[in-house]
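So the structure is just underneath, and the comments pick up after that.
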Amino acid sequence: MTKHDTNLVAYCGMYCGECPCFKEEGNVPDLARDLKEALRRSKFELAAQEIPFEEFKHYQECYDCLGAMVRLRCRKACKNGGGNPSCKIRQCCSRKGLVGCWECDDFEQCEKLLALTTLRRDVLLQNLRNLKKRGPEGYLKARKRR
């Protein structure tokens, strides 16, 4: 396992290599950027005003949402300075001198993880438990065997 691979294990236990905002090809932010560009080039906002679909009344909100998705593009893993610069999890791990949350005895009850666990709580906690048990290199080796 290379050091680069272990750097893709985020402080929170997520694996950056599978994140829809980090992947090199087919990532959500780049797809959103491309769709925004196609919409702008085709002047689709004018068509949206004329098409009698109820949903097109919200065209500008949709376009703005695509812009927000573009801003999620992560070119570096969080351990290399990517991701949200004000991430409370990264700040906490840095302050405590931890490689990741799995090194903290309180990660299962941590308030800072709640923002991430609403959608993927079981996956995130399982990742953290596996990281605690195996360490980042063992965790990645086990992932590759799946």
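Looking at E61, E103, E111, E45, can you tell me which residue is of a type in the set (D, E, K, R), touching a Lys or Arg at 6+ places or on another chain (Cβ under 8 Å) and farther than 13 Å from A10 by Cβ? I'd like the intermediate steps shown before the answer.
On the way: E61 fails: touching a Lys or Arg at 6+ places or on another chain (Cβ under 8 Å); E111 fails: touching a Lys or Arg at 6+ places or on another chain (Cβ under 8 Å); E45 fails: touching a Lys or Arg at 6+ places or on another chain (Cβ under 8 Å).
That would be E103, the only listed residue that is of a type in the set (D, E, K, R), touching a Lys or Arg at 6+ places or on another chain (Cβ under 8 Å) and farther than 13 Å from A10 by Cβ.
If you take the residues of the stretch 21-52 that are more than 15 Å from C65 (Cβ to Cβ) and surrounded by 13 or more Cβ atoms within 10 Å (Cβ to Cβ), which of them is nearest to the chain's Cα centre (by Cα)? Taking the candidates together, the pick is F22. If I filter the stretch 79-92 down to residues being part of a loop (DSSP other than H, G, I, E, B) and without any contact (Cβ under 8 Å) to a residue 24 or more places away in the chain, which single residue comes out as surrounded by the fewest Cβ atoms within 10 Å (Cβ to Cβ)? Here the answer is S86.
So which residues in the stretch 53-69 are within 25 Å of C21 (Cα to Cα) and either over 20 Å from the mean Cα position of the chain (by Cα) or of a type outside the set (G, A, S) (or both), if there are any at all?
The initial filter retains those residues of the stretch 53-69 that are within 25 Å of C21 (Cα to Cα), namely 58-69.
Across the stretch 53-69, the qualifying residues are H58, Y59, Q60, E61, C62, Y63, D64, C65, L66, M69.
Only one of the numbered conditions (1) assigned to a loop (DSSP other than H, G, I, E, B); (2) within 25 Å of K132 (Cβ to Cβ); (3) without any contact (Cβ under 8 Å) to a residue 24 or more places away in the chain; (4) not basic (K, R) is violated by P20, and that is (2). Can you tell me which residue in the stretch 93-124 is modelled with the lowest pLDDT, limited to those that are aliphatic (A, V, I, L, M) and surrounded by fewer than 17 Cβ atoms within 10 Å (Cβ to Cβ)? Among those that are aliphatic (A, V, I, L, M) and surrounded by fewer than 17 Cβ atoms within 10 Å (Cβ to Cβ), it is L119. Considering G13, G26, the condition of being without any contact (Cβ under 8 Å) to a residue 60 or more places away in the chain, part of a loop (DSSP other than H, G, I, E, B) and of a type outside the set (D, E) is satisfied by G26 alone.
Here is a list: R33, R95, R73, R40. Which entry is in a helix (DSSP H, G or I), among the basic types (K, R) and either in contact with a Phe, Trp or Tyr (Cβ under 7 Å, 6 or more places away or on another chain) or touching a residue at least 12 places away in the same chain (Cβ under 8 Å) (or both)?
Of R33, R95, R73, R40, the one residue that is in a helix (DSSP H, G or I), among the basic types (K, R) and either in contact with a Phe, Trp or Tyr (Cβ under 7 Å, 6 or more places away or on another chain) or touching a residue at least 12 places away in the same chain (Cβ under 8 Å) (or both) is R33.
The set of residues in the stretch 76-92 that are out of contact with any Gly (no Cβ under 6 Å at 6 or more places or on another chain) and either of a type in the set (D, E, K, R) or at pLDDT 90 or above (or both) comprises K79, K88, I89, R90, Q91, C92.
The values are calculated or read from the model by the stated rules, or taken from the named source; none is laboratory data. This one's a predicted model, so the numbers in the text were calculated from it and none came from an experiment. Note: ideal-geometry Cβ built from the backbone for every residue, glycine included; neighbour counts use all protein chains shown.
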